[in-house]
Amino acid sequence: MSAAPAPGPAEPAAEPGGMSRPDEKKEALDIYRQGYQAYAAHHYSESIGYFDRAINLDPACYQAYSYKGAALAFAGRYQQAMPLLDKAIMLNPHYEDAYFNKAISLELAGVYGQALIFYDQALEVNARDPWAYYGKASIYGRLRDVDACVKNLKQAIAIDPSTREHAKTEADFNNVRNAPAFQQLVYR
């Protein structure tokens with residue numbers, strides 16, 4: 001995959017009063033979507049450039065804040081990630097991805113207790129998010145809590161059976177992989 005072009009100089013982001021024009025909001029969302037494609041392909045540095053451009057066009061583009069925060073966390077830059085994730089949540093407290101991305105960022109940073117809280121907040125927004133349950137299960141797997149791991153993984157599998165396949169090779173479950181309850185759920 002070729003690298004994205006370097007972002008150009010920042011253009012004026014807002015009308016007087018700090019509000020983006022509708023065409024800037026649309027363009028910001030289009031740029032965010034390009035950044036999300038780079039993010040999904042694990043091209044985190046490239047995605048950050050797109051997210052920055054989207055935020056410059058529309059300072060209220062909560063999606064760009066959320067995924068820029070996640071990209072920074074995957075790059076190991078946790079302290080830079082957290083304020084962006086908080087900003088996404090502040091801009092749209094009903095945006096499930098912001099809570100999920102904050103949870104996974106905290107998980108990557110090894111702050112498991114806080115990560116579990118944010119996975120729960122993601123589930124408050126969408127109780128049928130299999131990946132929030134899967135994230136919780138992976139933390140409990142690392143912590144060797146078989147019961148909590150299996151309980152959450154069972155929820156994930158009930159919503160999205162493909163999570164079972166992911167669990168078969170997920171390193172986060174190595175500490176519980178040989179437990180009979182895990183074996184029965186995942187390898188049945």
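Structural remarks
- Taking the conditions (1) at pLDDT 90 or above; (2) open to solvent by 50 Å² or more (accessible area, probe 1.4 Å); (3) over 27 Å from His94 (Cβ atoms) in turn, Ala41 satisfies each one other than (2).
- Residue check for Asn174: farther than 17 Å from Gly69 by Cβ, open to solvent by 60 Å² or more (accessible area, probe 1.4 Å), at pLDDT 95 or above and polar (S, T, N, Q): yes
- Count of segment 44-76 residues, restricted to those that are basic (Lys, Arg) and over 16 Å from Ala88 (Cβ atoms), is 1.
- Set Asp86, Asp97, Asp58: member being over 17 Å from Ala40 (Cβ atoms), at pLDDT 95 or above, open to solvent by 20 Å² or more (accessible area, probe 1.4 Å) and not β-branched (Val, Ile, Thr): Asp86
- Considering Gly110, Gly69, Gly135, the condition of being at positive phi and not hydrophobic (A, V, I, L, M, F, W, C) is satisfied by Gly110 alone.
- When residues of segment 142-177 are limited to those that are in contact with a Pro (Cβ under 7 Å, 6 or more places away or on another chain) and not small (Gly, Ala, Ser), the one nearest to Val111 (Cα to Cα): Thr163
- Count - residues of segment 61-82 that are open to solvent by 50 Å² or more (accessible area, probe 1.4 Å) and in contact (Cβ under 8 Å) with a residue 12 or more places away in the chain: 4
- Filter result (open to solvent by less than 50 Å² (accessible area, probe 1.4 Å) and within 18 Å of Pro93 (Cα to Cα)) within segment 127-142: Asp129, Ala132
The values are calculated or read from the model by the stated rules, or taken from the named source; none is laboratory data. All figures in this text were calculated on a predicted structure; none of them were measured in a lab. Because the Cβ atoms are built from the backbone with ideal geometry, glycine has one as well, and the counts that use them run over all protein chains shown. The area values use the complete protein model at the heavy-atom level, side chains included, leaving out ligands, DNA and RNA. Shrake-Rupley method; radii C 1.70, N 1.55, O 1.52, S 1.80 Å.
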